[in-house]
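The values are calculated or read from the model by the stated rules, or taken from the named source; none is laboratory data. Everything numeric here is computed off the predicted structure, so don't read it as measured data. Ideal geometry is used to build each Cβ from the backbone, glycine not excepted, and the neighbour counts take in all protein chains shown.
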Amino acid sequence: MPVLFFIAGFTFDAFMVGPIDHPLGMLQQVAYLALIGYFITLEIVEMTRPLQIPKWLQKFWHYREELVHFQLGTLLNVYTLFYIKSSSIFSSFIFMAVIAGMLVANEHPRFKKFGVITRFSIFSLCVVSFFACTVPVFLKFMGIVPFVISIVLSAMVLGLFYWILEKKNIDGMILRRNIVEPGCAVILLFVFLYWAQLIPPVPLAVKSIGIYFDVEKEKGSYKLSYVRPGWKFWQKGAQSFTYRSGDKIVCFVSIFSPTHFKDQIFLRWMFKDPRFGWQNMDRIPMLIAGGREEGFRGYVAKTNYQGGDWKILVETTDGREVGRIYFTATPDDNPTASREFKFDLL
C-alpha cells in the first residue's frame, strides 16, 4: 500500500504541478518550507526539555512526523518533476539518483527512524532546490551568478535555524548533529554536483528537438520537412539522414523558459570519428526568450558535414546539458530517385 500511495501521489503531482514560475506554486512551496521548519524547530527543542505545545497545534502534534513527511514528499515530487523536465538523463543520472534516494528515504520507515536528521537533510535539499529553481526565474538568466546566490540564500536560511535554536540554549552537540552536519552536507553536495555539471539546468526544458532537411515559416508556425521510413516512428524528423549534394542538416529545437526570461544556449555538434571517438565540430549560439508555453522555437543549419554518426547537445552558457539528439548521416545511393517529403508543423 505505501508503494501504491507513493506512485499515486507522484502521478497526481505530475499532472497538477504548474509552470516553474507560477506565483501560487512558489507561495505554496514557501508555506510548506516554513511549516516544516517550524515543526523541526519544535522537535529539536523537545529533545532537551518538555515542550509547551501551542493550543492550535496540540491536536496535530501526535501526527507531526506524518505531516512533515507528507509535505516533504510533495516538495520532493515538485522538484523532481522540475529536474526531470530540465535534465538530460545522460548528463544528470547521478543527480537524479540522489533525488530518487531522497524520495525513498522520505517514504521508507527504516530511514524515518533516524528522526530529525533525516527530516532536516531532506528539508535542506528542498530549501536549496527552491532557490536553485526560483533565483534564475527572478534574475531572468542562468549561470554561475544565480547559482552562487541560491547557495548563499540557502545557507542563510539553514543558518537561521541554528541561530534561533542557539538562542533557545539548545545543546551544541544536538545542533551540530541535527542541523549543521546535514545542512552543510547537502550544500557541499550541490556545489560539487554543479561543478561537475550534473545538476539539471532548471528552469530550462527541451520540449522538442529533431533533425530536418528544411524549415519554412508558415502562418506563425514552422513547417519542417523530413524523409523517414514509416516503421521508424520513434524518430524525430530524419534521424536517419540520407543526404544528397546540396542538402543541409537542420536541427530544430523548442525550449521552455519562464516569462521574460532571456538567455543564450549553444548547440554543440559532435562527430564520431572511427579512430578517436566523439570530436567537437561546432558550438553554435542561439538566443532564447521565455513566455511561450510550447517553448521558444529556433533552429540552426549545417551545410559542411560528412557521413557517419552525429550528436547535437543543447547546452547552457555554463556548459550544462539541457538535451541531446543522435542521428546518422548516410550518402544517398540513388540520388536521382524522387523523394517523398513529410512535414511537421511546430
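Scoring VAL186 on the criteria (1) within 30 Å of ALA301 (Cβ to Cβ); (2) in contact with a Leu (Cβ under 8 Å, 6 or more places away or on another chain); (3) β-branched (Val, Ile, Thr) leaves a single failure, condition (1). For SER154, the conditions (1) part of a helix (DSSP H, G or I); (2) surrounded by 17 or more Cβ atoms within 10 Å (Cβ to Cβ); (3) touching a residue at least 60 places away in the same chain (Cβ under 8 Å) are fulfilled apart from (3). Part of a loop (DSSP other than H, G, I, E, B), β-branched (Val, Ile, Thr) and in contact (Cβ under 8 Å) with a residue 24 or more places away in the chain: does that describe ILE187? Here the answer is no, as ILE187 does not meet what is asked. ASP333 falls short on exactly one of the conditions (1) free of Cβ contacts under 8 Å to residues at least 24 places away in the same chain; (2) farther than 19 Å from ALA238 by Cα; (3) charged (D, E, K, R), and that condition is (2).
Give the number of residues within segment 274-308 that are assigned to a strand (DSSP E or B) and in contact (Cβ under 8 Å) with a residue 12 or more places away in the chain. Counting residues in segment 274-308 that are assigned to a strand (DSSP E or B) and in contact (Cβ under 8 Å) with a residue 12 or more places away in the chain gives 19.
Conditions (1) within 27 Å of ILE20 (Cα to Cα); (2) exposed (fewer than 14 other Cβ atoms within 10 Å of the Cβ), marked per residue:
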residue: LEU287; (1), (2): yes, yes
residue: GLN306; (1), (2): no, yes
residue: THR316; (1), (2): yes, no
residue: GLY323; (1), (2): yes, no
residue: ALA337; (1), (2): no, yes
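Hey, can you tell me all the residues within segment 253-278 that are surrounded by fewer than 19 Cβ atoms within 10 Å (Cβ to Cβ) and among the β-branched types (Val, Ile, Thr)? Result: THR259, single match.
Residue count for segment 309-332 under the criterion of being part of a loop (DSSP other than H, G, I, E, B) and modelled with pLDDT under 90: the result is 4. Taking the criterion of being of a type in the set (Gly, Ala, Ser) and on the phi > 0 side of the Ramachandran plot, the only residue of segment 117-155 that qualifies is GLY143.
Close Cβ contacts (under 8 Å, 6 or more residues apart or on different chains) running from residues in segment 236-256 that are on the phi > 0 side of the Ramachandran plot and assigned by TED's automatic domain parsing to the domain that holds GLU340 to residues that are surrounded by fewer than 22 Cβ atoms within 10 Å (Cβ to Cβ) and not aromatic (Phe, Trp, Tyr) comprise GLY237/GLY210; GLY237/ARG228; GLY237/ASP344.
Exactly one residue out of LEU267, LEU204 is touching a Ser or Thr at 6+ places or on another chain (Cβ under 8 Å) and of a type outside the set (S, T, N, Q): that is LEU204. If ILE170 meets every condition in (1) among the hydrophobic types (A, V, I, L, M, F, W, C); (2) surrounded by 15 or more Cβ atoms within 10 Å (Cβ to Cβ); (3) assigned to a helix (DSSP H, G or I) apart from one, which number is that one? The one condition ILE170 does not meet is (3). If you go through segment 333-346 and pick out every residue that is assigned to a strand (DSSP E or B) and of a type in the set (Asp, Glu), you end up with 1.
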